Amino acid sequence: MEKETFIVVGLGNPGKEYAATRHNAGFEAMDILSNRWNQPLTKKKMNGLVAETTYQGKRVVLVKPQTYMNLSGTCVAEVVSWYKCPLQNLLVIYDDIDLPLGRLRVRKGGSAGTHNGMRSILQHLSGQDFPRIRIGVGAKPEGWDLADWVLSRCQLPEEKEAMQDAYIRAADCVEEWLKNGIEKAMQAYNAGK
């Protein structure tokens, strides 16, 4: 019998000019997982960078869409279709301006909220009941344009540290989800910082 497939997607924008911006929180968490599991995200297919591995006896596909944020759904739908993955086995990691900097929020499903990358994914998939990890990047300060805010980088050392900690916890949360399911992941990571 073929192993059940799990897909983990980190959202962001490709290119050096977007590296380490708030909007690339999903990419940052994926890089931690990819390094931790020694699975470089270098294979280009289905509009993304993809790595396939086995974790806890499960087949896991790591994905960083290369379509730019607002078209993330194109890549995610292709990957889900290719691997014939049920939606509950898809987990998406992305930034959230409605959460305090560095806070994680784990959910079983729901709407896209104000996030264009998630909006694109929901438009391309047959439902919204798939787990997601939102990484708080802080609210847009008064007078800032939203796009400028999410494409900015943390400047203060304590902000950078809080974000780095959040990326590590998001990677830990993915492992918890793969080992013990979404309920346990929510219990473990929604209570924290």
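The values are calculated or read from the model by the stated rules, or taken from the named source; none is laboratory data. Worth saying up front: this structure is predicted, and the values here are computed from it rather than measured. Every residue, glycine as well, gets a Cβ built from its backbone with ideal geometry; the counts of neighbours run over all protein chains shown. Note: accessible area is taken over every heavy atom of the protein model, side chains too, but ligands, DNA and RNA are not part of it. Shrake-Rupley method; radii C 1.70, N 1.55, O 1.52, S 1.80 Å.
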Residue under evaluation TYR83, criteria (1) on the phi > 0 side of the Ramachandran plot; (2) in contact with a Ser or Thr (Cβ under 8 Å, 6 or more places away or on another chain), criterion not met:
(1)
Strands (runs of 3 or more DSSP E) within region 1-108 that include 2 or more residues free of Cβ contacts under 8 Å to residues at least 60 places away in the same chain, farther than 16 Å from ALA170 by Cα and open to solvent by 60 Å² or more (accessible area, probe 1.4 Å):
43-45, 48-55
Residue check, CYS173 open to solvent by less than 30 Å² (accessible area, probe 1.4 Å), assigned to a helix (DSSP H, G or I) and closer than 25 Å to TYR55 by Cα
yes
May I ask you to list the residues in region 109-138 that are farther than 23 Å from LYS84 by Cβ, assigned to a strand (DSSP E or B) and among the basic types (Lys, Arg)?
ARG134
Restricting region 109-142 to residues that are of a type in the set (D, E, K, R) and within 21 Å of GLN66 (Cβ to Cβ), the residue that is least open to solvent (accessible area, probe 1.4 Å)
ARG132
Restricting region 143-161 to residues that are open to solvent by 30 Å² or more (accessible area, probe 1.4 Å) and outside any loop (DSSP other than H, G, I, E, B), the one farthest from GLU17 (Cα to Cα) turns out to be GLU158
